[in-house]
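Heads up: the structure comes next, in structure tokens.
The values are calculated or read from the model by the stated rules, or taken from the named source; none is laboratory data. The structure displayed is predicted, hence computed values, not measured ones. Note: ideal-geometry Cβ built from the backbone for every residue, glycine included; neighbour counts use all protein chains shown.
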């Protein structure tokens, strides 16, 4: 990325859904500075290097960027920890019905990847575990008479071979695991039979890494909230709790629609959100200023006039304080300006960008009129009804509803979608 000096560079500097990386430090604006500084200090000082944190927030609100930049927010963190990122949407994009075993094997892969010594150690230990698994089943096979039970046991002998071959081959996780169904299915079954031994093996590898690098480990599991099947992982608490057996600090990006009704028995929740107004309707000037800084940080200091002041204000107003929508509005407005042979973004360019986003979201609004009207009145939902949870998941994933925190969680309609809802209410209610 480069700081924009002309309208074409504005278009490129504001690419939607791109989360800033550590190399993009010049463009980074701390969104949740007070919360994350305290959070990072806690990780530095805590003697418990096995803690789990659940980072709760709306999809597109800047969580991923903030998690990527924890070492920038507090550089002392880099002296004590190495970071391993599990990008849920990318790593598991070919997988339907994500299982905790998928994530556990991905964590193992990320820790050993690129280190021949750790790969060799992990493969040797995994091979011993596979032989132990097979021997146990073979001994059981000799003691039973039922033909049906024998068939079932024989099917599970050798199920560790595929994941072992994958580890030895040193190939990319997405193509070597996610794309090969036989590898993944047998790995999940192997995990079910050998949970405690596999966690012991992973922890042994983590310990070897710590001794080798003289650093502890932070595992960041991100992007899961963008998956439709994430409910299973969070609502089946027997799966979620398994992460507690990994001897490293875990930070799990958590879907806002599951944060309040999930029976999480361990860890700490950290809720993150900017807002234009609080629940009582009071303006949040500090957050508005942060949103303006996000825009200006991607533009060269001598070229702030590339976006007119009234256009910036309208972009912020229509963003709903959602970072992805803010960036999308600038990106689309820049394209409109380019198409109009203009050297800068004006209010008309923003209005056209708002219209484009509204049209793209309109079908989702139409399909949820009653639910959205109910949210507009109550600003909350009944979490005891699973149908409400699924509706909230759809609405937040598609950025129809935005979630905020003000002591409790509350929801507001995406300001761009308000016009569509008003129109549909006149037509259909």
At pLDDT 90 or above and not in a helix (DSSP H, G or I): which single residue out of 252, 188, 205 fits that description?
252
Out of all the residues in the stretch 62-79, which are surrounded by fewer than 17 Cβ atoms within 10 Å (Cβ to Cβ) and out of contact with any helix residue (DSSP H, G or I) (no Cβ under 6 Å at 6 or more places or on another chain)?
75, 79
Picking from 46, 41, the residue that is more than 20 Å from residue 223 (Cβ to Cβ), in contact with a strand residue (DSSP E or B) (Cβ under 9 Å, 6 or more places away or on another chain) and not assigned by TED's automatic domain parsing to the domain that holds residue 392 would be 46
Determine the pairs where a residue that is in the same structural domain as residue 48 (by TED's automatic domain parsing) and surrounded by fewer than 16 Cβ atoms within 10 Å (Cβ to Cβ), located within the stretch 235-253, has a partner that is part of a helix (DSSP H, G or I) and at pLDDT 90 or above with Cβ atoms under 7 Å apart, the partner being 6 or more residues away or on another chain.
245/199
Look through 11, 85, 18 and report the one residue that is at pLDDT 90 or above and outside the structural domain of residue 250 (by TED's automatic domain parsing).
11
Report whether or not residue 285 is farther than 20 Å from residue 65 by Cβ and at pLDDT 95 or above.
yes
Single unsatisfied condition, residue 182 versus (1) modelled with pLDDT under 90; (2) surrounded by 14 or more Cβ atoms within 10 Å (Cβ to Cβ); (3) assigned to a helix (DSSP H, G or I):
(2)
Can you pull out every residue in the stretch 213-225 that is in contact (Cβ under 8 Å) with a residue 40 or more places away in the chain and surrounded by fewer than 20 Cβ atoms within 10 Å (Cβ to Cβ)?
213, 215, 216
Which of the residues spanning the stretch 318-343 are in contact with a helix residue (DSSP H, G or I) (Cβ under 8 Å, 6 or more places away or on another chain) and surrounded by fewer than 17 Cβ atoms within 10 Å (Cβ to Cβ)?
340, 342, 343
From 273, 353, grab the single residue that is buried (at least 20 other Cβ atoms within 10 Å of the Cβ) and under 20 Å from residue 404 (Cβ atoms).
273
Whether any residue in the stretch 82-100 is assigned to a helix (DSSP H, G or I) and over 18 Å from the mean Cα position of the chain (by Cα) is what I want to check.
no
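Residue-wise test of (1) out of contact with any strand residue (DSSP E or B) (no Cβ under 8 Å at 6 or more places or on another chain); (2) crowded, with 18+ Cβ neighbours inside 10 Å.
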| site | (1), (2) |
| --- | --- |
| 86 | no, yes |
| 92 | yes, yes |
| 101 | yes, yes |
| 106 | no, yes |
| 111 | no, yes |
| 125 | yes, no |
Please tell me if residue 312 is closer than 20 Å to residue 287 by Cα, surrounded by fewer than 24 Cβ atoms within 10 Å (Cβ to Cβ) and in contact with a helix residue (DSSP H, G or I) (Cβ under 8 Å, 6 or more places away or on another chain).
yes
Exactly one condition in (1) assigned to a loop (DSSP other than H, G, I, E, B); (2) over 15 Å from the mean Cα position of the chain (by Cα); (3) closer than 22 Å to residue 272 by Cβ is false for residue 61; which is it?
(2)
